[in-house]
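This report refers to the structure that appears directly beneath it.
The values are calculated or read from the model by the stated rules, or taken from the named source; none is laboratory data. For clarity, every value in this text was computed on a predicted model and none was experimentally measured. Here Cβ is always computed from backbone atoms with ideal geometry, including for glycine, and neighbour counts include all displayed protein chains.
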Amino acid sequence: MDAAQQTASNPQAEQRRRAIGLLARATAQELRLAWDGLPEKPDVKPVRGPETGLTMVRGRIGGGGAPFNLGEATVTRCTILLASGTAGHAQAMGTAKEAVKLAAVFDALWQEAGTRQWVETTLLYPIEARIAAEDKVKAEETAATKVDFFTMVRGED
């Protein structure tokens, strides 16, 4: 069974993938506000990072052609461990080390039953709403530039 089949058969893994994806797209301000709003700050032990490095970005012509190396992108990653033993992982494009560390903390808190709902309502739902609003604006701007081409049939002269 490959990774895609395992994820499809495990709804918990799909939910975690969603949470990690949203945390990767969170702004530093969103993460800081959520951290400041935490009723009880957890004890956090750094395991790895935050550290910044490069990753190769690959592309495909037309989405289905042969892959090619497009270039390198800066990525920051971090792994933390809560006092309860839950590990949190995060990575995001760019060099915002503090934001990635907070994202790792919120990943760990999301995994714990006692704080998952708080992370969902306080952090993930607003991030999801912001991303949806940004996508809607982008779609509207793109639709405004759409050109409809049609063929006119000329009658007999």
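Annotations
- Selection over segment 74-109 of residues that are part of a loop (DSSP other than H, G, I, E, B), over 18 Å from residue 19 (Cα atoms) and among the hydroxyl-bearing types (Ser, Thr, Tyr) gives a count of 2.
- Within segment 74-91, the set of residues being touching a residue at least 24 places away in the same chain (Cβ under 8 Å) and either farther than 20 Å from residue 114 by Cα or β-branched (Val, Ile, Thr) (or both) comprises 76, 77, 78, 79, 80, 86, 90, 91.
- Positions within segment 40-73 being touching a residue at least 60 places away in the same chain (Cβ under 8 Å) and not in a strand (DSSP E or B), in sequence order: 42
- For beta carbons closer than 6 Å, sequence separation of 6+ or different chains, a first residue in segment 8-34 that is more than 14 Å from residue 130 (Cβ to Cβ) and a second that is at pLDDT below 95, the qualifying pairs are 13/7; 14/7.
- Flag if residue 95 is on the phi < 0 side of the Ramachandran plot, surrounded by fewer than 15 Cβ atoms within 10 Å (Cβ to Cβ) and either in contact (Cβ under 8 Å) with a residue 12 or more places away in the chain or over 18 Å from the mean Cα position of the chain (by Cα) (or both): yes
- Verdict on residue 102 being within 23 Å of residue 120 (Cα to Cα) and aliphatic (A, V, I, L, M): yes
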